[in-house]
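First up is the structure itself, then whatever we jot down about it.
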Amino acid sequence: MPQPLHFNAFVMNTTSHIHHGQWRRPDAGQGEFNDVNTWIGLAQTLEAAKFDGMFFADVTGLYGDADADFDVYVREGLQIPSNDPTVLLGALAVKTTNIGLALTSNVAQNHPFNFARQVSTLDHISGGRIAWNIVTGVQDNGARNFGLDQLTDHAERYEWAQEYVDVTYKLWEGSWDEGALLKDKERGIFSDPSKIHKIYHEGKRYRVEGPHLPSPSAQRTPVLYQAGSSASGRAFAARNAEAVFIISANPDIAALQIADTRRQAVEFGRNPEDIKFFQGLSFIIGETEEDAQAKAEEYDQYVSVDGYLAHAAIVDKTGRVYPADTPLSAVDTNTMKGFQEWVSKAITDREPVVGDLAKLQAQNTRVVGTPEQIADELKKWQAAGVDGINVINWVIPGSFEEFADKVMPVLRERGLAQTEYAPGPLRQKLFGTGRLNDRHPAAKYRGAFASGPDSWEAADAARAAQNSGIVSAGA
């Protein structure tokens with residue numbers, strides 16, 4: 001029997017996330033995203049269907065030219081208005097039991113000390129079911145919202161991200177030793193002071209003394225997602241990620257990206273299977289192939305071309321949007337480099353242009369067919385090295401309800417979807433262990449602060465040497 005694939009619902013706390021214009025359909029409920037019951041109901045539906053996780057995307061600003069008008073985004077509901085997923089996860093955690101809950105958080109939007117505290121709190125509330133999608137941002141407007149003039153240089157953003165995660169690793173893994181929390185009422189000792197440590201982090205961007213204020217949660221460090229597909233992003237993922245979200249045009253391109261990232265993971269002292277890969281796909285499901293094609297035509301009637309083009313806008317290094325007919329070979333940008341790479345690999349019979357990114361986003365990540373045909377296609381993705389699928393919706397909750405009712409039973413019959421949840425925290429469900437393995441860089445901080453500054457200085461020196469390799473690989 002094959003190994004089951006993992007399934008996440010890929011969503012965003014907004015009206016128009018990926019498939020623009022679909023919110024206008026009569027059966028679309030995503031316009032009610034402000035209502036917490038919209039998300040609670042969806043989370044419970046997904047958990048009943050044994051989805052592994054609910055993966056929330058997020059942004060901190062508008063796409064495109066930060067100095068131009070933003071009318072198209074407001075008209076389309078294209079990720080504005082949108083709400084913070086981190087807050088929402090607290091509500092979902094207390095209304096579910098097993099499903100993983102993944103949040104996206106940009107390294108620019110929250111200080112690592114505060115972010116680490118928030119995530120530990122969520123992991124406590126959820127019983128160890130939190131994941132973090134580590135992102136560095138793609139929008140000049142988002143950078144300006146946090147006091148920067150524009151988006152930081154691409155390679156420098158990943159240096160920034162490395163220091164950011166290092167601070168969180170120190171807090172989650174090193175600040176509290178095992179057995180520090182006592183709750184000893186007889187002796188009047190709640191925690192053992194000899195087992196709780198300041199981290200004394202000093203780096204290019206952050207000075208954090210510590211200690212971590214929350215006690216260790218079930219996972220300590222949340223499951224670590226990453227979505228960068230550029231050279232710098234793949235190097236960062238190879239070093240840090242436990243799961244990588246990809247949107248490849250076909251299984252062959254996915255196989256190349258997966259092989260490259262896993263090769264680099266081995267160079268960083270990890271095993272290839274330490275990282276799982278999730279391909280983003282949307283589905284149009286029919287009782288027959290003809291029925292599915294007819295539904296696809298119906299869906300296409302609601303497509304907003306303006307929405308797709310605005311979402312896929314690529315800006316130059318001065319912040320101006322490239323016209324849709326600009327050859328990709330002429331593009332010099334500080335963002336969306338990974339998407340440019342896979343578009344160039346997907347289109348080989350002519351010179352790809354900027355507008356192709358929107359077309360591929362709309363068409364190449366959707367699977368149209370019967371449940372049996374969809375299962376056949378997912379098997380091809382699995383053969384390419386994909387471990388899971390991020391299911392992209394057309395409408396909420398209908399897209400997920402239909403997938404759960406019609407496709408999941410076929411997948412279970414073929415051994416391609418789990419029938420029950422494994423016990424334990426999210427990491428244990430995915431990897432068989434609740435804690436990060438010893439090959440992960442965060443593991444170096446376990447016990448590193450027990451003897452004071454000498455220990456953490458040695459850990460920082462080791463990390464600096466490894467970081468120089470990451471910067472070189474991503475240059």
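The values are calculated or read from the model by the stated rules, or taken from the named source; none is laboratory data. Given the structure is predicted, the values throughout are model-derived calculations rather than measurements. For accessibility, only protein heavy atoms count, side chains too; no ligands or nucleic acids. Shrake-Rupley method; radii C 1.70, N 1.55, O 1.52, S 1.80 Å.
Structural remarks
- Percent antiparallel among DSSP beta bridges (both partners in the chain, rounded to 5): 15
- Cross-link pairs beyond the 26 Å C-alpha cut-off, checked among Lys204/Lys429; Lys198/Lys444; Lys379/Lys444: Lys204/Lys429; Lys379/Lys444
- Distance between the range 176-200 and the range 393-454 - C-alpha centres, whole angstrom: 30
- Å² per residue, accessible surface of the range 224-322 at 1.4 Å: 36
- Within the accessible area of the range 1-139, the carbon and sulfur atoms contribute 51%, probe 1.4 Å, all protein chains present.
- Accessible area in the full protein assembly, largest first, 1.4 Å probe, for Trp39, Trp160: Trp160, Trp39
- The mean accessible area for residues of the range 24-147, using a 1.4 Å probe and ignoring ligands and nucleic acids, is 37 Å² per residue.
- Of the residues Phe51, Phe268, the one with the largest accessible area comes first in the ranking Phe268, Phe51, computed with a 1.4 Å probe on protein heavy atoms.
- Per-residue surface analysis assigns Trp23 an accessible area of about 100 Å², computed on protein heavy atoms at 1.4 Å probe radius.
- With DNA, RNA and ligands ignored, accessible area of Tyr421 (1.4 Å probe; Å², nearest 10): 40
- Taking θ as phi - 60° and the Karplus parameters 6.51, -1.76 and 1.60, the scalar couplings of the range 46-63 work out to 5, 5, 4, 8, 6, 4, 6, x, 10, 9, 9, 6, 6, 9, 10, x, 9, 7 Hz in sequence order, x denoting glycine and proline.
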